[in-house]
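Quick notes on the structure that follows.
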Amino acid sequence: MKIAHSTRLLSLLLGFLFAANLFAQTTADSAEPAAPDLSSLQTNWWAYFEGSRAEVEPRIEAYLKDTGVQIAKLAPQNQVVAQSMLEAAQDNLTAFLALLDDVELEPQVLAPAAASYSIEDLLKLAAQARAARSAAAEEQLEVDREKRVLEGTTRHRDAVFDDYVDAPAGDDRWLAGLRLLQARSAKAISTRRLELLTKRSELANAYAQATAERADFASDRLATTAEEANLDALYKRVDADKAAVDIAEEKLREAQIGASGLDLNTAQGRSQQRLQQDGLTAAEISLTLAKAALARSEAQRSWTEMVLDAALDTSALEDKTLEWSEFVRGVEQRVPEWKRETGDELLAIQSVNRDGLDCDSERQPGRFGSGFASPAGPAAGYRPANPDADRRTYGSSCRSEAPHGGRR
């Protein structure tokens, strides 16, 4: 009887201890992280700023307000510096909050595959695949860039942490802690941006692969029938495209003649040369586009002739194939030069003093962190590891500004 009674007491005691431990664990899990003390930062101090936006936003607001009050307790010579540092940290934390919003990235979806495809359909799919591949490459560039930014912010945070450890107690330690908050928030921004950019890159790569596979699928299922009316229409289109090439070539010759007859020893002549050069570049591009349209029409005509078993000069087709290949290589070589000439001209225009114009009209809104259009909106307030990396000034009469107002 005494043994049974002892057993019941032991069971009750163990049950009480288990319940107490469970209650303590639940209470600890639900407790909000303590606000960091800048004079004595703990190992997990950044946990206070982690969580959903609904959780973090009121914490940040209260923390910044309390930190602002603490500035008044510093020595007078330190208060101005501390206020500037607090504003910089506030900019970063505001940008960080914007990135905490849930972002649903919608993948691009191809239309269902068709049973058969025309040559026109195949060409459209090939162009779509090229565009998707180019977009995926751009997204990957953004990812690589943000990785470098993150490496920079990480190194900066580590250096600031070392300064904090070495700082003496008092105002120096408190200011070093505020500087560490600023550096750590910049790293958090870059980490979150890299996460979002990586997701975008993955979706872009998946779509590029899907479009490439669809183009291959379409090439295997080209329609094996064609009508004589289609061939007649293609003959007419080829003739029209040849006429367009002739017109473009004539305009190019006129532009070349105009550019060669200028007196470059006068300011007016040099100004006219710039205009003529612009016209010459535009004429070259127009001719290239006209030749591309002609090559496409000729390719469609040749394919239709093969389907209809019309008389086809295979040697002429081989010559055309070689001509098209040379044309593509020539365009690939000229495109970088056209981009450079266009960029140089834009810089020349922007360097002109445009008094009386609104400076805002000279600035072009930057993409989110140079390239990433965030569904959550611009990360106003963020400055990357290199503060000048994302700074762009448009127009010599405008004040230089960074697109993101935050500070590292």
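Worth a mention:
- For Ser134, the test of being loosely packed, with under 14 Cβ neighbours inside 10 Å and either outside the structural domain of Arg53 (by TED's automatic domain parsing) or at pLDDT below 95 (or both) is passed.
- Test: residue in the stretch 143-162 that is touching a Leu at 6+ places or on another chain (Cβ under 9 Å), of a type in the set (Asp, Glu) and modelled with pLDDT under 95: no
- In the stretch 65-98, residue surrounded by the most Cβ atoms within 10 Å (Cβ to Cβ) [restricted to those that are over 35 Å from the mean Cα position of the chain (by Cα) and farther than 20 Å from Asp37 by Cβ]: Val80
- Which listed residue is charged (D, E, K, R) and within 30 Å of Leu234 (Cβ to Cβ), from Glu87, Glu106, Glu120, Glu61: Glu120
- When each of Ser219, Ser185 is tested for being hydroxyl-bearing (Ser, Thr, Tyr) and at pLDDT 90 or above, the lone residue that passes is Ser185.
- Under the condition of being modelled with pLDDT of 90 or more and in contact with a Pro (Cβ under 6 Å, 6 or more places away or on another chain), the residues counted in the stretch 88-131 number 0.
- Any chance Tyr164 is part of a helix (DSSP H, G or I), closer than 21 Å to Gln70 by Cα and among the hydroxyl-bearing types (Ser, Thr, Tyr): yes
- The C-beta contact set for the stretch 162-176 (first residue of a type in the set (Ser, Thr, Tyr), second residue surrounded by 15 or more Cβ atoms within 10 Å (Cβ to Cβ), distance under 8 angstrom, 6+ apart or interchain) comprises Tyr164/Leu41; Tyr164/Arg173; Tyr164/Ala176; Tyr164/Gly177; Tyr164/Arg179; Tyr164/Leu180.
- Selection status of Ala111, assigned by TED's automatic domain parsing to the domain that holds Ala82, over 29 Å from the mean Cα position of the chain (by Cα) and not in a helix (DSSP H, G or I): no
- Residue in the stretch 89-108 that is farther than 30 Å from Arg200 by Cβ, touching a residue at least 12 places away in the same chain (Cβ under 8 Å) and outside any helix (DSSP H, G or I) present: no
The values are calculated or read from the model by the stated rules, or taken from the named source; none is laboratory data. Being a predicted model, the structure only gives us computed values, none of them experimental. Heads up, the Cβs are rebuilt from the backbone with ideal geometry, glycines too, and the neighbour counts pull from every protein chain shown.
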